[in-house]
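Encoded as structure tokens, the structure appears first; notes follow it.
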Amino acid sequence: MTRLFAMAGYVYQSAAAIILIFAISHLLPAADYTSFSLALASSQLLCVLMFEWLQLAGLRFLAAAGEDEAARLRWSLFGAGLASAGALVVVGSGASLVSAFPAAIIALGLGISVLQGLTDLYFLSIRLSDRLGVSSSLLALRATALLAGAVMGGAISGTAEAVLLGIASGHMLGLVAGLIAYRTPLERASLQTMLADWKTFARYGMLAAGASVIHLSVPVLLRFIIIGRLGATGAGAGFSIALDLLQRPFWVLNAAIHTVSYPEVVKDFERGTVVKSIQSARRMFEFMICTTLVLLGGLIGFIPDAARILVPQESLDGFLATAPTVAAFYFLHTHLQATIAVVPHLEKLATRLVVVAAGQLAIVAAAALAAVSAGLSPRQAVGCASLATLATILVALGPTLRFEAFPRWSLVAQALVAAILIGSLGTMPTEPAAWLAGKIVIAAIATAIVGWRGDFLMLARRG
């Protein structure tokens with residue numbers, strides 16, 4: 001039941017993030033929302049740049065460590081986290097001198113990066129201390145605090161700075177709550193031991209994190225390329241809303257499945273038999289592929305209806321024009337970054353992860369720039385980026401194919417059929433209310449069938 005609760009908690013976070021984007025798009029003018037969106041995206045990039053290496057190293061090494069070793073590793077991990085936070089503040093403050101952003105937005109963006117990075121690191125240590133329920137509750141609490149803080153800032157002041165301040169306050173509340181809720185066991189390590197741990201973390205984590213930074217840079221670069229054409233207009237804000245909104249469901253679902261399943265996959269890979277390791281990875285692949293397929297169908301089928309109610313009128317056309325293509329891009333982007341990377345992470349092939357990520361960044365940038373230069377629409381430019389990402393996936397499949405953890409293709413086919421069915425519901429009217437209720441029932445039945453056929457409910461419960 002704890003794992004089911006964890007999955008529900010991640011669904012709640014996704015819903016809170018979606019509500020936040022819709023709420024802020026209403027509270028801020030289009031130009032302010034575009035500035036807020038760019039600042040928040042840059043903040044997320046900095047957070048990944050400075051803390052993702054520790055997240056990945058902690059997840060890879062803590063998951064397979066014994067109790068005593070884990071306590072020492074946590075000490076080294078938190079020390080490295082504080083050092084990264086200090087470096088981010090120093091370097092970011094210097095870089096702000098040549099930035100076009102207002103000083104207040106830069107300071108808030110740096111603060112959000114530091115607070116989010118440290119909070120995520122502490123929540124990870126709680127999760128890997130066999131406190132999945134506690135960490136899930138804290139993540140849900142933080143999501144609520146982020147939503148409340150951002151909405152309060154936007155409602156009171158109506159500026160990007162106020163919204164960013166609200167988000168920073170939400171991360172601070174989450175960190176304080178985590179420190180109060182559970183103190184992870186620590187064992188003080190000597191400076192020599194800590195430096196040796198840092199070297200181990202860096203050897204694997206920095207390369208793997210470098211791949212994550214490059215992957216995160218892809219939608220950021222795509223945003224700058226297309227916004228550079230559209231400008232701070234209603235159409236530009238609509239495209240920004242699509243990018244902000246549609247990445248969250250995929251990211252949160254991926255994080256939920258990795259939180260529930262990946263530690264078990266690591267343990268089976270390090271301590272189990274080859275057959276058990278392959279079976280564990282196969283179940284995770286099925287979970288990821290089938291659920292994201294159904295999610296893609298749901299976004300295409302229902303987001304346009306919600307947008308007509310929730311997206312500001314000046315941004316609606318830009319959103320509706322790009323949302324389906326952006327959803328397809330994030331579907332492919334998530335699988336390249338998460339699913340295709342599982343086996344290289346297990347085998348510690350971090351250099352390969354960087355090469356794949358750099359390849360995606362290069363061909364997506366080339367495709368998007370060529371599309372914009374040719375006068376194609378934002379939707380067509382994102383479509384070109386999607387094709388470039390698909391090509392990268394096909395090239396990067398080697399380690400996964402050699403590992404032979406193949407999902408059941410009949411199950412994937414059933415999920416694809418369900419996704420097409422749910423996505424086609426977007427062509428049906430939503431009025432009267434009976435039509436909308438019917439669409440929801442059909443989508444729920446299709447989703448339940450895929451979940452039952454894949455045994456995903458029991459997979460989430462296994463522990």
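The values are calculated or read from the model by the stated rules, or taken from the named source; none is laboratory data. These figures come from a predicted structure and were not determined experimentally. Neighbour counts run over all protein chains shown; Cβ positions are idealised from the backbone, glycine included. Only protein heavy atoms, including side chains, enter the accessible area calculation; ligands, DNA and RNA are left aside. Shrake-Rupley method; radii C 1.70, N 1.55, O 1.52, S 1.80 Å.
Observations on the model:
- In the set 296, 332, only one residue is closer than 24 Å to residue 207 by Cβ, open to solvent by 20 Å² or more (accessible area, probe 1.4 Å) and in a helix (DSSP H, G or I); that residue is 332.
- Taking the stretch 381-420 as the range and being hydrophobic (A, V, I, L, M, F, W, C), over 15 Å from residue 340 (Cβ atoms) and open to solvent by 80 Å² or more (accessible area, probe 1.4 Å) as the test, the residues that pass are 387, 409, 416, 417, 420.
- Given (1) more than 21 Å from residue 45 (Cα to Cα); (2) among the hydrophobic types (A, V, I, L, M, F, W, C); (3) modelled with pLDDT of 90 or more; (4) out of contact with any His (no Cβ under 9 Å at 6 or more places or on another chain), index of the condition residue 128 fails: (3)
- For the stretch 395-414, the set of residues classified as aliphatic (A, V, I, L, M) and over 22 Å from the mean Cα position of the chain (by Cα) consists of 395, 401, 405, 411, 412, 413, listed by residue number.
- Against the criterion of being in a helix (DSSP H, G or I), in contact with a Ser or Thr (Cβ under 8 Å, 6 or more places away or on another chain) and open to solvent by less than 10 Å² (accessible area, probe 1.4 Å), residue 356 does not qualify.
- For the stretch 115-168, a residue qualifies if it is over 28 Å from residue 83 (Cβ atoms) and not in a helix (DSSP H, G or I), and the qualifying residues are 157, 158, 159.
- Residue within the stretch 222-235 that is among the hydroxyl-bearing types (Ser, Thr, Tyr) and open to solvent by 10 Å² or more (accessible area, probe 1.4 Å) present: yes
- Looking across the stretch 421-439, just one residue is aliphatic (A, V, I, L, M), at pLDDT 85 or above and open to solvent by 50 Å² or more (accessible area, probe 1.4 Å), and that is 421.
- Exactly one residue out of 210, 228, 238 is within 22 Å of the chain's Cα centre (by Cα) and either outside any helix (DSSP H, G or I) or at pLDDT below 80 (or both): that is 238.
- Residue in the stretch 301-311 that is nearest to residue 436 (Cα to Cα), counting only those that are buried (at least 22 other Cβ atoms within 10 Å of the Cβ) and among the hydrophobic types (A, V, I, L, M, F, W, C): 303
- Residue 324 being part of a loop (DSSP other than H, G, I, E, B) and either in contact with a strand residue (DSSP E or B) (Cβ under 6 Å, 6 or more places away or on another chain) or open to solvent by 10 Å² or more (accessible area, probe 1.4 Å) (or both): no
- Candidates 307, 327: the one that is of a type in the set (Gly, Ala, Ser) and touching a residue at least 40 places away in the same chain (Cβ under 8 Å) is 327.
- Residue 287 being touching a residue at least 12 places away in the same chain (Cβ under 8 Å), in contact with a helix residue (DSSP H, G or I) (Cβ under 6 Å, 6 or more places away or on another chain) and over 30 Å from residue 37 (Cα atoms): yes
- The set of residues in the stretch 34-59 that are open to solvent by less than 20 Å² (accessible area, probe 1.4 Å) and at pLDDT 80 or above comprises 36, 37, 39, 43, 47, 51, 54, 57, 58.
- Checklist (1) modelled with pLDDT under 85; (2) open to solvent by 40 Å² or more (accessible area, probe 1.4 Å); (3) not charged (D, E, K, R) applied to residue 92, failing item: (2)
- Restricting 184, 159 to those that are surrounded by 17 or more Cβ atoms within 10 Å (Cβ to Cβ), of a type outside the set (Gly, Ala, Ser), at pLDDT below 90 and more than 18 Å from residue 61 (Cα to Cα) reduces the list to 159.
- Residue list for the stretch 123-165, restricted to those being over 21 Å from the mean Cα position of the chain (by Cα) and touching a residue at least 24 places away in the same chain (Cβ under 8 Å): 129, 131, 151, 154, 155, 158, 159, 160, 161, 165
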